[in-house]
Amino acid sequence: MARLKDKLSRTRKIFNDKIKEAFKSTKKRGEILDDIMESLLLTDVGIAASEKIISNLKEKSKKTDSIPAVKQHLEDEINGILSKFSPELNTNSRGTVVMFVGTNGGGKTTSLAKTAYHFKKKGEKVLMVAADTFRAAAQEQLSEWGKKLNIPVIKGSYGSDPAAVTYDAIQSFKAKQYQILLIDTAGRLHTNINLMSELEKIKKIISREIEGAPHEVLLVLDASIGQNALHQAREFSKFSGLTGIFLSKLDGTAKGGSVISIVDELGLPIKLIGIGENEKDMLEFSPEEFIYALLS
C-alpha cells in the first residue's frame, strides 16, 4: 500500500492540495463540492465521471456540512465505481491463456513481461508468444525479456500470420504442459483497419484449441495520457471479448484519476497496474488500496 502511495505521489499531491483547500472549516458545502469537482478534473477523472460523483455527493450531503461526512461520501463514491467489477484475474487450473491488446507505445509488451514474472514468481510454468509479427522491434523486445526472466518465447518470422504463430505456441503449450500462456498482439490501430479482425482470428484459434480460452483479454492502456486512453479504449471495444484493463505507466503521472473514468465508462475492471519499468513494478489492482493512496 505504501508503495502504491509513493508511485501515485504526483496525482495524490494535486488531488489532496485541492481537497485540503476544499475542506477548510470556513467553506460552505457548495464551495467544498466545487473544489472537489476541480480536483477530480485536474487529475483527469473526466467530466462525465466527475459530474456523476458530484451529483451523488450533493444528494448524500444535503443534510450535513460535516467535513468528515462529505469526505467519507467522496471515498464511498469512488469506491462504488472501482468496486463494481472484480479485479481478480481469471485463471484455470488446467492452463490459463491471456491475450494482451492495445496500441503500439502503450507499454503492451513490457506489461506482458511483468505479468509473466508475476506468474513465474508464483511457481507457474510460463510461455510467452510474440504474435505481433508486423513489428520486429516488438518481437526483439519480448525476446530480450524472455532472456532476462528465463522464460521461453515463441515467435514467427517477420510478416507471418499472427494466428499461425499463436497456433504453434498453443501446440507447444499443451505438449510441454505449460500453465500460463501470454500472447502479445499487434497494435497498429491507426494504420491498419484490419487489426480487429486479426485479433478476432487469434481469439478464434485459441478458443478452438483450448476450451474456455482465452481466460483473459487485457487491454493495455497508458495511464500517463489520461483521458486520451479512453479514445483508444473505445476503438478496442469493437473487439469482442475484452475482460479487463492493464493500466501501464501509472507511476509519475498526474493523471492517475483516469483510473476512475476508465472503469466507469468502459464497464471493465482494472486488473493490473504498471508502476515502473522493472519486471517487479506491477501490482494487482485493489480499489481500496488505490483510494487510500489517492486520498491519504
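Data overview
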quantity	calculated
Long-range neighbours under 9 Å by Cβ, at least six apart or interchain, first residue among the β-branched types (Val, Ile, Thr) within region 248-259, second part of a loop (DSSP other than H, G, I, E, B)	Thr253/Leu8; Thr253/Asp44; Thr253/Gly226; Val259/Val45; Val259/Leu250; Val259/Phe285
Complete set of residues in region 235-254 that are outside any loop (DSSP other than H, G, I, E, B) and either closer than 25 Å to Asp17 by Cα or under 14 Å from the mean Cα position of the chain (by Cα) (or both)	Phe236, Gly244, Ile245, Phe246, Leu247, Ser248
Residue tally, condition closer than 22 Å to Ser207 by Cβ and part of a helix (DSSP H, G or I), over region 117-145	1
Residue in region 52-72 that is touching a helix residue (DSSP H, G or I) at 6+ places or on another chain (Cβ under 8 Å), outside the structural domain of Ile183 (by TED's automatic domain parsing), modelled with pLDDT of 90 or more and among the acidic types (Asp, Glu) present	no
Pairs with Cβ under 6 Å, 6+ apart, first in region 139-151 and in the same structural domain as Leu112 (by TED's automatic domain parsing) and surrounded by fewer than 19 Cβ atoms within 10 Å (Cβ to Cβ), second aliphatic (A, V, I, L, M) and not in a helix (DSSP H, G or I)	Ser143/Val153
In region 1-51, the residues that are in a loop (DSSP other than H, G, I, E, B), of a type in the set (Lys, Arg) and surrounded by fewer than 15 Cβ atoms within 10 Å (Cβ to Cβ)	Lys24, Lys28
Per-region count, region 77-106, residues without any contact (Cβ under 8 Å) to a residue 60 or more places away in the chain, of a type outside the set (D, E, K, R) and part of a loop (DSSP other than H, G, I, E, B)	1
Complete set of residues in region 261-291 that are part of a loop (DSSP other than H, G, I, E, B) and not hydroxyl-bearing (Ser, Thr, Tyr)	Gly267, Leu268, Pro269, Ile275, Gly276, Glu277, Asn278, Glu279, Lys280, Asp281, Phe285
Criterion (assigned by TED's automatic domain parsing to the domain that holds Lys280, modelled with pLDDT under 85 and surrounded by 18 or more Cβ atoms within 10 Å (Cβ to Cβ)) met by exactly one of Leu230, Leu219, Leu199, Leu250	Leu230
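The values are calculated or read from the model by the stated rules, or taken from the named source; none is laboratory data. As the structure is a computational prediction, the values presented were derived from the model and not from experiment. We place every Cβ from the backbone using ideal geometry, glycine too, and count neighbours over all the protein chains shown.
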